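One structure is given here, and the rest of the page talks about it.
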Amino acid sequence: MSELKHVYISEISGYEGQDVILKGWLYGKRSSGKLHFLQVRDGTGIIQAVIFKGDVPEEVFEMADKISQESSIEVYGIVKEDKRSALGFEIGVKDIKVIGESHDYPITPKEHGVAFLMENRHLWLRSPRQLAIMKIRNEIVNSVRNYFNNNGFLLVDAPIFTPAACEGTTNLFEVKYFDENAYLTQSGQLYMEAAAMAFGKVYCFGPTFRAEKSKTRRHLTEFWMVEPEMAYFDLEMDMNLAEDFVEYVVQQVVKNRRQELEILERDISKLENIKKPFPRISYDEAIKILKESGKEIEWGEDFGGDEETVISEKFDRPVMIHRYPAECKAFYMKQDPESAKHALCVDMIAPEGFGEIIGGGQREDDFDVLLGKIKEHNLPEEAFDWYLDLRRYGSVPHAGFGLGIERTVGWICGLHHVRETIPFPRLMDRIRP
Ligand code: 4AD
Ligand code: MG
């Protein structure tokens, strides 16, 4: 078999009528008399391999009947058109070789509970549904990078070990750093502000960490965030960029991953509708909507998942809520010159109840106001001295935002819970496998 060409299932249409080798795993099998139908997967797709008793030596036909789920196999055969299958092709088998046996594979075609599947996440990833999600995640990550790389941004990597908090001190992961304590980064933003003063338009993209002590369907303790930061941008320009960017990412997925969206039974028309302009409402207007919907909320409180869901249901595309009360937002937010109680910030809430996907805004660029905020928030001044330098040496208006990749994958894929949006989710009660 070895002189034959190894072909991936995704490339099979280019080999009609030719003999090839597939290298993969047995996904499923059924037999009827003189025929075995093997479903073979190789990570790029699933194909049906048909073994006809008359085409192969007796021992190969018998051996094929005994191959069990998830055994790794090499399949040698001819590529044939098969209009009835989703793929459009099947393999007429001439020989099969078992590479590694698999017995009593725990994930069978019957329904399993989520807890069991999460315990077996390392195996669960082999399912077609998980493949579809990971392909969409990959498409989203690619589109994010393409967008910024094609729009004049410089990728600047932010550190993971940090000496101080960015997003408040309540959910920091503390780690020993030789003789000091350090924290896993909550956000690369502060470093991107330094980079924006050096390079203009920048972004970072990496893992971020939050010791979220609540179990919700939207919170991971480790998640990926992309964070653009732009010198000489105000809140308005920041929102324009955010909607242009999100439209691009969604439309790239619609264009390039339709098949995967269909596997997930996503309503694609809802995604096709994601075109700018996105609605923009102020926090004060959002409070009005919430009160009218019977929510008990007072001015000054931040929105949680419930409030986000109520607001998102009023719109058919992402909604940008701007100018929250300064008191419920981070220390670095620029104070609204029209109203000191408000901050020039924005959250983007995905439609259909998928929650906040973006947080960002204009940054405080005034030295004295920022120093006041650091004190007000009881943050250690010495840890932020370098950050204050950015206001000492040529401070300019600047803005940026952070988009959570997993929330975005959840929304685009239509997944109720973020646990399936990342290969190996880290949640408050889960650090294995
Ligand atoms: O709103 P957040 O906390 O904003 C920041 O961290 C800013 N420093 C970003 C910036 O302006 N450069 O987080 C941004 C986004 C949220 O909108 C959400 O999508 C995601 O990160 N996110 C989470 N995703 C999953 N699990 C969590 N625990 C998350 N916390 C935030
Ligand atoms: Mg936020």
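For Asp336, enumerate residues with amide H under 5 Å from its amide H, sequence gap 5+ or separate chain, H modeled in the peptide plane.
The answer is His342, Ala343, Leu344.
Could you state how much accessible area His36 has, in square angstrom rounded to the nearest 10, with a 1.4 Å probe and all protein chains kept in place?
10
Once the piece of chain linking Met237 and Lys255 is laid out straight, how much longer is it, given 0.36 nm per residue of separation minus the C-alpha distance between them?
So the extension gain works out to 3.8 nm.
Can you pull out the GluC sites (Glu not before Pro) in region 229-278 that DSSP calls coil and that have at most 10 other Cβ atoms within 10 Å?
Glu265
Scan around Gly355 for amide H atoms under 5 Å from its own, H built in the peptide plane at 1.01 Å from N, and keep only partners 5 or more places away or cross-chain.
Here Ala350 satisfy the definition.
Just to confirm, what accessible area per residue do you get for the chain at 1.4 Å probe, in whole Å²?
Dividing the accessible area of the chain by its residue count gives 47 Å².
Top mean-square fluctuation among Val20, Val141, Val418, Gaussian network model of the chain, C-alpha springs under 10 Å?
Val20
How much of the accessible area of the chain, in percent, comes from carbon and sulfur atoms when a 1.4 Å probe is used?
49
Measuring from a point 7 Å past the Cα of His416 along Cα-to-C-beta, which residues in region 300-326 have an amide N at less than 18 Å?
The answer is 305-306, 309-310.
Only helical DSSP H runs with n ≥ 4 go in: add -39500 (n - 2.57) per run for the chain, normalise by residue count and round the 222 nm mean residue ellipticity to 500 deg cm²/dmol.
-9000 deg cm²/dmol
Between 0 and 90 degrees, rounded to the nearest ten: what's the tilt of helix 189-199 against the longest Cα principal axis of the chain?
80
Modelling each spin label as a point 7 Å along the Cα-to-Cβ direction, I'd like the Asp179/Glu111 distance in nm, to one decimal.
6.0
Pairs of Cα atoms under 8 Å, at least six residues apart: use those to get the relative contact order of the chain, whole percent.
Computed over the chain, the figure is 13 percent.
Between Asn150 and Asn378, what FRET efficiency comes out of the Förster formula 1/(1 + (r/R0)^6) with R0 = 41 Å and r the beta carbon distance, rounded to 0.05? Write out the running numbers ahead of the final one.
On the way: r = 42 Å, r/R0 = 1.02.
For R0 = 41 Å, the calculated efficiency reads 0.45.
Give the range of the longest stretch in the chain that excludes all chymotrypsin sites (Phe, Trp or Tyr not before Pro) found in loop regions by DSSP and having at most 13 other beta-carbon atoms within 10 Å.
1-177
At R0 = 30 Å, how high is the FRET efficiency between Asp366 and Phe161 if r is their beta carbon distance? Nearest 0.05 is fine. Please list the in-between numbers first.
Values: r = 29 Å, r/R0 = 0.98.
Once rounded, the FRET efficiency stands at 0.55.
Determine the gain in length on full extension of the stretch Lys5-Glu327; use 0.36 nm per residue of separation and subtract their C-alpha separation, reporting nm with one decimal.
Length gained, Lys5 through Glu327: 109.5 nm.
Would you calculate the separation in nanometres between label points at Ser85 and Asn138, each defined as 7 Å from the Cα along the Cα-to-beta-carbon direction?
Calculated label separation equals 2.0 nm.
So how strong a dipole does region 172-295 carry about its Cα centre when Lys and Arg Cβ are +1 and Asp and Glu Cβ are -1, to the nearest 20 debye? Numbers along the way, then the final one.
Numbers: 18 positive and 22 negative charges, 118 e Å.
With Lys and Arg at +1 and Asp and Glu at -1, about 560 debye.
Just to confirm the filter: which GluC sites (Glu not before Pro) across region 2-100 are DSSP coil and have at most 15 other Cβ within 10 angstrom of their Cβ? Could the numbers behind the result be given before it?
Numbers: sites: Glu3, Glu11, Glu16, Glu58, Glu59, Glu62, Glu70, Glu74, Glu81, Glu90; in loops: Glu3, Glu16, Glu70.
Of the GluC sites (Glu not before Pro), the ones in loops of region 2-100 whose Cβ has at most 15 other Cβ atoms within 10 Å are Glu3, Glu16.
Report the gain in length on full extension from Ala211 to Glu296: 0.36 nm times residue separation, minus Cα-Cα distance, nm rounded to one decimal.
27.8 nm
Please identify the trypsin sites (Lys or Arg not before Pro) of region 27-99 that satisfy two criteria: DSSP loop assignment and at most 16 other Cβ atoms within 10 Å. Which are they?
Passing sites in region 27-99 are Lys34, Lys83, Arg84.
Taking the Cα centre of the chain as origin and charging only Cβ (+1 Lys, Arg; -1 Asp, Glu), how large is the dipole, in debye to the nearest 20? Don't skip to the answer; put the middle values down first.
Details: 54 positive and 72 negative charges, 275 e Å.
Dipole size: approximately 1320 debye.
The values are calculated or read from the model by the stated rules, or taken from the named source; none is laboratory data. These numbers were taken from a predicted model, which means no experiment stands behind them. Here the Cβ is made from the backbone with ideal geometry for all residues, glycine too, and neighbour counts use every protein chain on show. Ligands, DNA and RNA are stripped out before the accessible areas are found, and what is left, the full protein with its side chains, is counted by its heavy atoms. Shrake-Rupley method; radii C 1.70, N 1.55, O 1.52, S 1.80 Å.
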